[in-house]
Each structure stands twice: as structure tokens, then as C-alpha cells.
Amino acid sequence: MPTHSATLFLLSLLTAACGNIAHLHREAPPAGAPPRLLNASDTLDVARAWRKAGLGPSIDGFTVTTHSAHPSLPAFTTLLDGYQIRTRLPRQGNAVGIPVLAGHGAPPVVSVQLTPHAHLLTLQPATLVATQVSPDHLQLDLYDPRGSANLNGQPLAAAHGLVFDYIVREQQDGLLNLRGLLSPSDYTDRRGLYLYTPYDRDKIPVLFIHGLASSPLAFRDMVSHLQRDPALWQRYQFWFYFYPTGEPWLDSAAALRRDLTELITALDPDHNDPKLHDMVVVAHSMGGLMTRASISHNSEALYDSYFQQDLDTLGITPAEKQQLRKRLLFEPLPWPKRVVFLATPHQGSGLAKGSLEWLALKLIRIPLRAVGGTFHVAQLLATGNPEALTSAARLLSLQGEVSVTQLNPNSPALLALQKMPMRGEVRLHSIIGDLGGPNFRWNTDAVVPYPSAHLDNTESELIVRSNHGITDTPAAATEVARILRLHR
């Protein structure tokens, strides 16, 4: 027996072929009767006919009036029904309306720039509800299913992952995750923070930071899970950080500190928004290392792992000195208040040694932006002032350094990180994958061994059955939801 989702999809194909809503004239409520709420298939017919007509004030003999109760979209000029984006959607049962993406601009604009390194996603998941008010009048209402899970006691049709699905569908480079690793210089223009909804001073930001050879799309299932809880949605706003993962993670961490400081300064120039200081970071794998370094004291340990002379005495340009300060001599960020580490290799991964390390050095193209960075300076000093370098940095000047090499347990970056205490007031949690699960421990997720993922002094540690792709697991999403509920 076909599911509701499959039946509606078949109906959508027929609708796309004929685009006819004339039958609604015949089925209109009689004069004086209450308005008629259209079922899902009729709503889909109306949505597609209206979109084909350019979202104008009339279609096929009907006057169309609209109203948006969606807090992120007081008005909308773009409407995409969910079945245009994803052929199979979650079963809607007796839900009201249809899942859609709505936004501004034609063609649809995915994001607008807020700061040089921050963007707002303009397409929003929504529910379109169609009502036939009279034989020639259709009323279309837009709701946010994340904040108002029902309408007059009935659930709203919802597909919380539609934004991610649309980005995947429209992404011109389907190998973004891999190419961001191998050719990071091609993706630096996409680096930055992405706000899921307009900034709301009444909500706490949750910042998701992806790992190696990945992107914010890795958090699709987790974020969809969190959005289904109206209580969480009313308390939190979701932000994402994208960075090309081939660069050394110390460079990416420096960019994260710059970009986050830049955004928060723009959002809260008077420093009087307490919700920003309540921020939570959820970081996967290498993103966890970037986060840990950025909230840690004693960054001098990083500098000392590469250089044996004071920065001011190095024979390099003032611009190069400034770049080193940003990467290796910094103060910890005052945010976040809580961090959830997901499969983070605090002590590295054995896979980052040997043949994989050699292959990474051969394949990953260091971006031009890294000129003035640690590797570039080490190369300059190796010929003119080699005594300024540690033995590890002298080796680095010959071999090179990329993200994978900095995951080697013996890398200068990771050895220094062990000497850098995190801010004492930050509350820490670990979610760790294990191929055998908590009851049949293998002590590895096939990439990161348990001793490397484990941290002392965390408020909680949960082991779930998973490989390194832990962001996809319901258990990890459920644990993140639990942590967010207790966060104060």
C-alpha cells in the first residue's frame, strides 16, 4: 500500500503535467458557508499554479490573498514546494498544508552578506496552508513549523531539512567537501559564518563547526532533529561555520576567531547582549580542535613549538609578524559558554601518519592566502635564519604542512595544544563514536581512537555506536538536544 508521501509525490507529478485547478471552482463552499481548508494535494496544485503565474494576485479565475505568520519571513517572493526539491519527504499523516521553502528574490537567493565573513540564509522552511474562502477567492497562509508545531490543534506539514536539500541540489560543485580539502584556495570566498535565521536577541546561538573533508551539510540530520522540538527552537538560533578543510587547522582556527569576533561586534557593538555570551558550540572532529585552541590560554606554547626566538627579533616583515600573532599568539575568545565535542581527535589520529600524510602533502594545494602564515615564514627562515626554528619547524619547512599533517599525534600543533588549558568557565561535553557501541567497545570510530577523543573534566561523556560520521546518528542528536535543554 503506498505511503502518504509516495501518493502525494505521484499526485505532484500529475499536477506538474496539467497545472489545472479549475476543479476548485466546482468544489467551492456555497455562499455563507465557512471557508474550506484545502487538502495537501489541492494545496500542492494551488502552489504550483500560483508559482507558474509569478506569485501574482490572481490565478485561473481566482483572486489570491496571502498572509505570512512566519517570523523570519514577513513577506516572501519565492516559493518552492518540497517535492520540487526532494522526491521523498517525511510522512505527513493528517498534517495541515504542504512543506515549502520560502524566501526573497527571483531566482531564489540562498544567502545575503551580513559582514565580510558572515551570511544570512534567506530561504526558510515553511508550511503553506491554502483555504478556499469563496468560489473565486483563495487565501494562502505561511507558517513556520519549527515554532508553531500545530494550527488549531492540527500538526503543520514539515520537512525541516529542505534548506540543506536545496543547497545540495543547487550546489554547482557536488564535490565541495572533497575539493575544499584538496584545493582550499578555490573555496576561501565561501568561508565564514552562515546564520540559519535572522539574528534574534532573545535566542542563544548554537554554532556548528564541521570537520575534515566536510561542510555544514554534515549537520543536516542533527539540526532537523533539533528543529522538531518547539521548546528548543524558541530558545536557540542556529549558526554554521564553513571553512576549506585542506588548510592547516591552526590557520582555520585563526579565521574562525576573526570571523566570529567580526560578526558579534557587528551584532552587538555595545556588548550588552547576554545571549551571545551564552553561546553553545557543537564541533565535529577537526572543528573541535579549532574550537579548543580558540578558547584556550597560553597560546605561547603554539609559538614556541615552531620558533626559538622572540617574534620581534625574527627577520621577517611587519605584515608577516602580524599574521603569526593572529595564528600563534592570541587571547582566548570570550565565547562560547558551552562546547560539545563530537569525535574530536584531541591527541590526533594515527591515520594522519605515514602514507596518508605523504599523500595529503602531494595532493593538497596550499592557498595563496597562507603566504605570511607559519609554513611560509618557516620556509623563509630556514634559509636565512635557521636557528630561529625548532627542529620540528625546520622539518616543516622542507616537507610542508596541511590540515592532515597537523592531525599527526606528533605534530607541533597538537603537542602544543596539550599545554594550553581551556577557559575554566567553559562547560564541556564529549560525544564519542565507537564501532562496537558502548557495550561492545572497539575503542575507535575507525579514525579517532577513544583515548584521543576522551577529555578529562567534562560534564558528560557519551559513547554511541558509530563510525567517525557521528553527526548522522540519532543518538548524537538526542544527546545534543539533552545538553541544550539543560543549558543555562
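In the stretch 306-335, which residues are touching a Lys or Arg at 6+ places or on another chain (Cβ under 9 Å) and not acidic (D, E)? Hits for the stretch 306-335 are L311, L314, K326, F330, P332, L333, P334. The selection criterion, being crowded, with 22+ Cβ neighbours inside 10 Å, in contact with a Gly (Cβ under 6 Å, 6 or more places away or on another chain), at negative phi and not charged (D, E, K, R), holds for A118.
Of the residues making up the stretch 123-155, those that are polar (S, T, N, Q) and over 32 Å from the mean Cα position of the chain (by Cα) are T131, Q132, S134, Q139, N152.
Considering the stretch 121-131, and only residues there that are in contact with a Leu (Cβ under 6 Å, 6 or more places away or on another chain) and closer than 22 Å to A31 by Cα, the residue that is surrounded by the most Cβ atoms within 10 Å (Cβ to Cβ) turns out to be A130. Here R88 fulfils each of the conditions (1) closer than 29 Å to Y194 by Cα; (2) part of a strand (DSSP E or B); (3) not aliphatic (A, V, I, L, M) apart from (2).
The rows are residues; the columns are (1) under 25 Å from P116 (Cβ atoms); (2) among the polar types (S, T, N, Q); (3) over 8 Å from the mean Cα position of the chain (by Cα).
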residue	(1), (2), (3)
S214	yes, yes, yes
M222	no, no, yes
R228	no, no, yes
A231	no, no, yes
Q237	yes, yes, yes
Y241	yes, no, no
T245	yes, yes, yes
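Scan the stretch 257-280 and tell me whether some residue there is among the acidic types (D, E), assigned to a helix (DSSP H, G or I) and over 16 Å from the mean Cα position of the chain (by Cα). Yes, some residue in the stretch 257-280 is among the acidic types (D, E), assigned to a helix (DSSP H, G or I) and over 16 Å from the mean Cα position of the chain (by Cα). Among the residues of the stretch 219-242, the one identified as in contact with a Lys or Arg (Cβ under 8 Å, 6 or more places away or on another chain), over 16 Å from T197 (Cβ atoms) and part of a helix (DSSP H, G or I) is A231. For the stretch 440-472, a residue qualifies if it is touching a residue at least 24 places away in the same chain (Cβ under 8 Å), in a loop (DSSP other than H, G, I, E, B) and either surrounded by fewer than 21 Cβ atoms within 10 Å (Cβ to Cβ) or not assigned by TED's automatic domain parsing to the domain that holds Q347 (or both), and the qualifying residues are H454, L455, N457, T458, E459, N467, G469. Screening A253 on (1) more than 28 Å from L324 (Cα to Cα); (2) at pLDDT 95 or above shows it passes everything except condition (1).
Scanning the stretch 281-301 for residues that are modelled with pLDDT of 95 or more and part of a helix (DSSP H, G or I) turns up G287, G288, L289, M290, T291, R292, A293, S294, E300, A301.
When D268, D251 are screened for being surrounded by 23 or more Cβ atoms within 10 Å (Cβ to Cβ) and farther than 17 Å from V340 by Cα, only D251 passes.
Applying the condition of being over 31 Å from the mean Cα position of the chain (by Cα) and over 17 Å from V133 (Cβ atoms) to the stretch 52-75 and asking which residue is surrounded by the most Cβ atoms within 10 Å (Cβ to Cβ) yields A53. Residues in the stretch 35-51 that are within 32 Å of the chain's Cα centre (by Cα) and basic (K, R) were compared, and the one that is farthest from V96 (Cα to Cα) is R51. If you go through the stretch 28-70 and pick out every residue that is within 25 Å of N94 (Cβ to Cβ) and either assigned by TED's automatic domain parsing to the domain that holds D200 or in contact (Cβ under 8 Å) with a residue 12 or more places away in the chain (or both), you end up with 22.
Inspect all residues belonging to the stretch 52-75 and state whether any of them is of a type outside the set (K, R), assigned to a helix (DSSP H, G or I) and either within 30 Å of Y196 (Cβ to Cβ) or modelled with pLDDT of 85 or more (or both). No. Which residues, counting only those in the stretch 313-328, are in a helix (DSSP H, G or I), farther than 15 Å from E387 by Cα and of a type outside the set (K, R)? Correct list: P318, A319, E320, Q322, Q323, L324, L328. Mind checking whether some residue in the stretch 21-41 is in a loop (DSSP other than H, G, I, E, B), surrounded by 17 or more Cβ atoms within 10 Å (Cβ to Cβ) and modelled with pLDDT of 90 or more? Within the stretch 21-41, one or more residues are in a loop (DSSP other than H, G, I, E, B), surrounded by 17 or more Cβ atoms within 10 Å (Cβ to Cβ) and modelled with pLDDT of 90 or more.
Contact annotation: residue pairs with Cβ atoms under 8 Å, 6 or more positions apart or on different chains, pairing a residue in the stretch 134-146 that is in contact (Cβ under 8 Å) with a residue 40 or more places away in the chain with a partner that is among the aromatic types (F, W, Y), are D136/F62; H137/F62; L138/F62; L140/W50; L142/F76; R146/W233.
The values are calculated or read from the model by the stated rules, or taken from the named source; none is laboratory data. The shown structure was predicted, so the numbers you read here are calculated from the model rather than taken from an experiment. When we count neighbours, we look across all protein chains shown, and the Cβ atoms used for this are built from the backbone with ideal geometry, even at glycine.
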